[in-house]
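The structure appears right after this line, and notes come after that.
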Amino acid sequence: MSSLTNFLEEYLHEDHESRIRHCILMMPQRPDPATELLMMKPQYINALFYIEGSTLDNMALSRAKLEKSAAVIILSNKFTYDAENEDTKTILEAMIIKKYVN
């Protein structure tokens, strides 16, 4: 199971608080077929939204209404061949997001 699937199953699980939850998935490219299938599952169809964009693009962050979000979760590629580069990218994204919301 992918990190995204694991995250969504936990975050959107019905046993959590009764308040309405939703999640915005932002990626710089169109979702792959596996992600598209995941997004079409009945339990996610009304809770998961997709935005094509990057953390480097303030317009994409604005479309995601990042300033109104309760949390931002950055999922990194744990299967990368260049872990140091992936860690650097994740830290940079976190810094950009922090600057945007402050």
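Laboratory data are not the source of any read-out in this text; all were calculated from the coordinates shown. It should be emphasised that the depicted structure is a prediction, and the values quoted were computed from it without experimental measurement. Positions of Cβ are generated from backbone atoms using ideal geometry, with glycine treated the same way; all protein chains shown enter the neighbour counts.
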Shape box of segment 50-102 [Cα atoms, principal axes, largest first, Å]: 34, 23, 19
At most 11 other Cβ within 10 Å, DSSP loop - trypsin sites (Lys or Arg not before Pro), segment 61-94: 65, 78
Positive minus negative residues near residue 5 (Lys, Arg vs Asp, Glu; Cβ under 14 Å): -2
3J(HN,Hα) from dihedral phi, segment 75-89, Karplus parametrisation 6.51/-1.76/1.60, rounded to Hz, x for glycine, proline: 9, 9, 7, 7, 9, 5, 8, 10, 4, 5, 5, 5, 5, 4, 4
Range in the chain, longest, excluding exposed GluC sites (Glu not before Pro) [loop by DSSP; at most 10 other beta-carbon atoms within 10 Å]: 18-102
Read-out mean projected area of the Cα convex hull in nm², derived from the coordinates shown; its label in (i) 6.3; (ii) 7.1; (iii) 8.5: (ii)
The chain, relative contact order [Cα under 8 Å, separation at least 6], %: 23
Under 21 Å, Cα to Cα: Lys pairs in the chain, sequence gap 8 or more or different chains: 7
